[in-house]
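Beneath this line is the structure, given in structure tokens, with notes to follow.
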Amino acid sequence: MAEIRVSTGALSDMIKLYEKLLKDASGIAVERKDGSREPMTAETRQTILDSLESASQALASGCPEGVYGLFLTD
């Protein structure tokens, strides 16, 4: 079985970065399969922000201070 290590710090930083980018953006466009774009609705934006916040909280809860990585086995 292969094992990989996932850095909880890097994951946490990425979640925080996406939260900041979405909060600070004056507008967000969604790219469609055909390459066209359409504005993201405020509801979708909030749903994503809520999910990122939940993910951040779950990571902090599951990986308290002193835990620096997760070891995943397939």
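Can you go through 36, 26, 7 and tell me which one is touching a Gly at 6+ places or on another chain (Cβ under 9 Å) and not hydrophobic (A, V, I, L, M, F, W, C)?
7
Can you name every residue in segment 8-21 that is touching a helix residue (DSSP H, G or I) at 6+ places or on another chain (Cβ under 9 Å) and more than 10 Å from residue 55 (Cβ to Cβ)?
Within segment 8-21, 8, 16 qualify.
Could you identify the single residue in 37, 45 that is touching an Asp or Glu at 6+ places or on another chain (Cβ under 6 Å), farther than 29 Å from residue 69 by Cα and of a type outside the set (S, T, N, Q)?
Every option except 37 fails the conditions.
Pairs needed: first member in segment 58-74, among the β-branched types (Val, Ile, Thr) and loosely packed, with under 10 Cβ neighbours inside 10 Å; second member anywhere, part of a loop (DSSP other than H, G, I, E, B) and modelled with pLDDT of 85 or more; C-beta distance under 9 Å; at least 6 residues apart or different chains.
Taking only residues 6 or more apart or on different chains, the pairs are 73/2.
Could you give me the residue pairs with C-beta distances under 8 Å whose first residue belongs to segment 1-26 and is free of Cβ contacts under 8 Å to residues at least 60 places away in the same chain, whose second residue is among the basic types (Lys, Arg) wherever it lies, and which are 6+ apart or on separate chains?
22/45
Among the residues of segment 22-53, what is the count of those that are surrounded by fewer than 11 Cβ atoms within 10 Å (Cβ to Cβ) and in a helix (DSSP H, G or I)?
Count: 5.
Could you tell me whether any residue of segment 61-72 is among the β-branched types (Val, Ile, Thr) and modelled with pLDDT of 95 or more?
Among the residues of segment 61-72, not one is among the β-branched types (Val, Ile, Thr) and modelled with pLDDT of 95 or more, which makes the answer no.
The values are calculated or read from the model by the stated rules, or taken from the named source; none is laboratory data. Just so it is clear, the structure is predicted and the values come from calculations on it, not from any experiment. All Cβ positions, glycine included, derive from the backbone under ideal geometry; neighbour counts span all protein chains shown.
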